[in-house]
Amino acid sequence: HDIFSPPVTARIYSYATIAGYEALIPGNAEYQSLGGQLNGLAEAPKPEAGKEYCYPLASVKAIMTVARSLTFTVEKYDEYEKTTYQKFKDAGVPSDVYDRSMAFGEAIGNYVIDYSKKDNYLQTRGLRYTVKNTGDKWVPTPPQYGDALEPYWSTIRPFVMDSSGQFPPAPVIPFSKDPNSAFRKEVKAVYETVKNLTQEQKDIAWFWDDNPFVMNVQGHVMFANKKMTPGGHWMAIVRTISKQQKADIYQSAEAYTRTAISMFDSFISCWHEKFRSEKIRPETVINADIDPKWMPYLQTPPFPEYPSGHSHASATIAEAISQSLGENIPFTDSTEFIYDHGVRSFKSVRDAAAEASISRVYGGIHYLSGCNEGAKAG
């Protein structure tokens with residue numbers, strides 16, 4: 001609802017799930033705190049020795065404490081929190097345990113909020129990017145012609161990487177006007193692919209669109225549709241598989257947290273290369289040199305092409321989910337059915353990640369190299 005970009009969304013999911021995890025695990029000695037494991041994260045507050053706690057309640061309170069700090073339309077949480085907390089009371093949680101657990105959850109939430117303030121996010125707000133109109137670098141694309149999205153995201157503190165450039169993709173295919181060059185061949189491939197899309201390819205592209213803010217232009221009227229981010233889509237897939245596998249609360253909390261922090265570091269790594277190479281989008285080259293009326297099947301997002309963010313993040317997330325909930329688990333994803341994006345079934349999360357990657361070529365917004373190398377790096 002608040003129209004957060006995919007990288008910022010990953011940040012919100014990460015800090016919220018870290019808080020939920022840290023408030024939950026004192027109830028299970030098999031799980032280890034992330035304090036001292038994530039870059040810059042100090043030891044978490046501890047529950048009072050010898051006192052009883054309801055750690056699932058503390059976990060919900062920790063998540064919501066962070067959510068209310070990092071999002072805007074917080075009144076949307078009011079009814080959910082009221083109903084959820086009442087369920088704990090109705091289940092018979094004693095009042096002293098309830099109060100103690102809520103206080104512990106809030107303390108964990110504030111501990112994570114303090115941690116979030118040191119990741120350089122606030123320092124990058126308002127920084128602008130200067131477009132290089134040299135003919136070979138990224139420029140804003142129609143219909144929105146939006147400013148570059150998060151051009152300084154590579155300066156955000158990662159959770160587990162030692163730096164934003166730790167896992168670079170293969171060198172970018174250089175821009176060229178030579179019709180026989182590798183670059184011109186990949187441009188032509190995108191052009192021909194979109195001109196000859198099958199219905200199945202259209203369905204795949206649309207299913208994985210995950211554009212949280214689609215701009216529509218009808219004559220002199222412009223309006224936007226608000227939908228899910230890639231991160232929201234994948235977090236919902238975690239929910240689907242957790243329920244399907246009958247994962248308990250600890251397994252689920254770990255799966256959400258692994259997924260979110262992997263996604264977060266993936267965007268930092270991906271954005272490091274995007275604004276290093278500043279590769280031009282297919283739409284710009286095709287409109288200038290091949291067909292001025294050609295349009296991609298999906299709306300081109302406002303940042304450089306290489307590598308594909310969908311490919312990078314989906315590959316990273318697929319590994320996180322596989323490690324948390326198991327490999328080769330078939331599942332059906334109806335996450336965005338409410339947005340008219342259909343329902344699709346997959347043999348595994350890696351299978352889904354591969355489809356998410358190639359969907360960007362079908363959408364006409366990425367070259368095949370951006371998808372393949374993005375997936376490898378992810």
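Regarding the range 50-57, can at least one residue be identified that is basic (Lys, Arg), in a helix (DSSP H, G or I), over 17 Å from Gly109 (Cα atoms) and touching a residue at least 40 places away in the same chain (Cβ under 8 Å)?
The initial filter retains those residues of the range 50-57 that are basic (Lys, Arg), namely 51.
Those left that are additionally in a helix (DSSP H, G or I): none.
Checked the range 50-57: no residue is basic (Lys, Arg), in a helix (DSSP H, G or I), over 17 Å from Gly109 (Cα atoms) and touching a residue at least 40 places away in the same chain (Cβ under 8 Å).
Scan (1) without any contact (Cβ under 8 Å) to a residue 12 or more places away in the chain; (2) open to solvent by 70 Å² or more (accessible area, probe 1.4 Å) for the single condition Tyr152 breaks and write down its number.
(1)
Quick one: which residue in Tyr129, Tyr115, Tyr80, Tyr111 is among the aromatic types (Phe, Trp, Tyr) and free of Cβ contacts under 8 Å to residues at least 60 places away in the same chain?
Among Tyr129, Tyr115, Tyr80, Tyr111, only Tyr80 is among the aromatic types (Phe, Trp, Tyr) and free of Cβ contacts under 8 Å to residues at least 60 places away in the same chain.
So Asp114 ticks every box in (1) in contact with a helix residue (DSSP H, G or I) (Cβ under 9 Å, 6 or more places away or on another chain); (2) in a helix (DSSP H, G or I) but one. Which box is left unticked?
(1)
Can you tell me which residue among Ala354, Ala315 is within 18 Å of the chain's Cα centre (by Cα), without any contact (Cβ under 8 Å) to a residue 60 or more places away in the chain and open to solvent by 10 Å² or more (accessible area, probe 1.4 Å)?
Unique residue meeting the criteria: Ala354.
I need every pair where a residue in the range 324-350 that is in contact (Cβ under 8 Å) with a residue 40 or more places away in the chain has its Cβ under 9 Å from the Cβ of a residue that is open to solvent by 80 Å² or more (accessible area, probe 1.4 Å) and among the acidic types (Asp, Glu), sequence separation at least 6 or different chains.
Listed by first residue and then by second, the contacts come to Val349/Glu327.
Would you tally the residues in the range 264-298 being open to solvent by less than 40 Å² (accessible area, probe 1.4 Å) and more than 30 Å from Ser116 (Cβ to Cβ)?
11
Picking from Gly126, Gly135, which residue would you name as being under 18 Å from Pro302 (Cβ atoms), of a type outside the set (S, T, N, Q) and open to solvent by 40 Å² or more (accessible area, probe 1.4 Å)?
The match here is Gly126.
The values are calculated or read from the model by the stated rules, or taken from the named source; none is laboratory data. None of these values were measured; they are calculated from a predicted model. Positions of Cβ are generated from backbone atoms using ideal geometry, with glycine treated the same way; all protein chains shown enter the neighbour counts. Accessible surface is based on the protein model in full, side chains and every heavy atom, while ligands, DNA and RNA are left aside. Shrake-Rupley method; radii C 1.70, N 1.55, O 1.52, S 1.80 Å.
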